[in-house]
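Have a look at the structure below, then the notes.
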């Protein structure tokens, strides 16, 4: 429906052809079908009007690190920039993973709080994350990265952040190269501007 030309209107012939093509009995009149179509079209237009692309709210100046960076350097970057996580990039600017305060705290021996969801995952036989060791970012970063695209809808990103219990997503292009980052705070600001 989104690719429909704006001046395209349904005719009686279109409705009859659609009903005939279904090749089964449908207890609906052509007038009912027209009403359903118009209501659905209105909902689609309203949904499209409410859509907020990630590109309009993402942060484009992103603090990053490399996979072979020292953990002390990563911790310093997080602290100095007052951020809780950052993307880890390869030499071509592709996102390999994310390193967060939680990753560094788990390395330091602090255990992540167990939630009901964690218990369910273990009951269902999902692997328990192994204790990470090492002194380089790649030893403790979270991977593979969960990413977003610039044209994704902010509401979909918000669902991912909530379901995965994470605070940010790197935004990548079709080659996996970093173009920005979207955080919970970015989404809250976007909602506040509506």
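Might you let me know whether segment 95-111 holds any residue that is closer than 20 Å to residue 70 by Cα, part of a loop (DSSP other than H, G, I, E, B), modelled with pLDDT under 85 and touching a helix residue (DSSP H, G or I) at 6+ places or on another chain (Cβ under 9 Å)?
Going residue by residue through segment 95-111, those that are closer than 20 Å to residue 70 by Cα are 95-110.
Retained after the next criterion (residues that are part of a loop (DSSP other than H, G, I, E, B)): 108-110.
Cutting the leftovers down to modelled with pLDDT under 85 gives us 108-110.
If we keep only those that are touching a helix residue (DSSP H, G or I) at 6+ places or on another chain (Cβ under 9 Å) too, we end up with 110.
The answer is yes, given that some residue of segment 95-111 is closer than 20 Å to residue 70 by Cα, part of a loop (DSSP other than H, G, I, E, B), modelled with pLDDT under 85 and touching a helix residue (DSSP H, G or I) at 6+ places or on another chain (Cβ under 9 Å).
What number goes with the only condition from (1) surrounded by 11 or more Cβ atoms within 10 Å (Cβ to Cβ); (2) in the same structural domain as residue 142 (by TED's automatic domain parsing); (3) without any contact (Cβ under 8 Å) to a residue 60 or more places away in the chain that residue 100 does not pass?
Looking at each condition in turn, residue 100 falls short on (3).
I'm trying to understand the selection: among the residues of segment 154-194, which are assigned to a strand (DSSP E or B) and surrounded by fewer than 16 Cβ atoms within 10 Å (Cβ to Cβ)?
Start the filter on segment 154-194 by keeping residues that are assigned to a strand (DSSP E or B), which leaves 168-172, 177-183.
Within segment 154-194, just 177 meets the criteria.
Do we find a residue being within 30 Å of residue 168 (Cβ to Cβ) and not assigned by TED's automatic domain parsing to the domain that holds residue 173 anywhere in segment 76-97? Step through it out loud before you land on a result.
Narrowing segment 76-97 to residues within 30 Å of residue 168 (Cβ to Cβ): 76-97.
Then drop every residue that is not not assigned by TED's automatic domain parsing to the domain that holds residue 173, which leaves none.
No, the conditions are met nowhere in segment 76-97.
The values are calculated or read from the model by the stated rules, or taken from the named source; none is laboratory data. Bear in mind that the values here come from a model prediction, so they are computed numbers and not experimental data. When we count neighbours, we look across all protein chains shown, and the Cβ atoms used for this are built from the backbone with ideal geometry, even at glycine.
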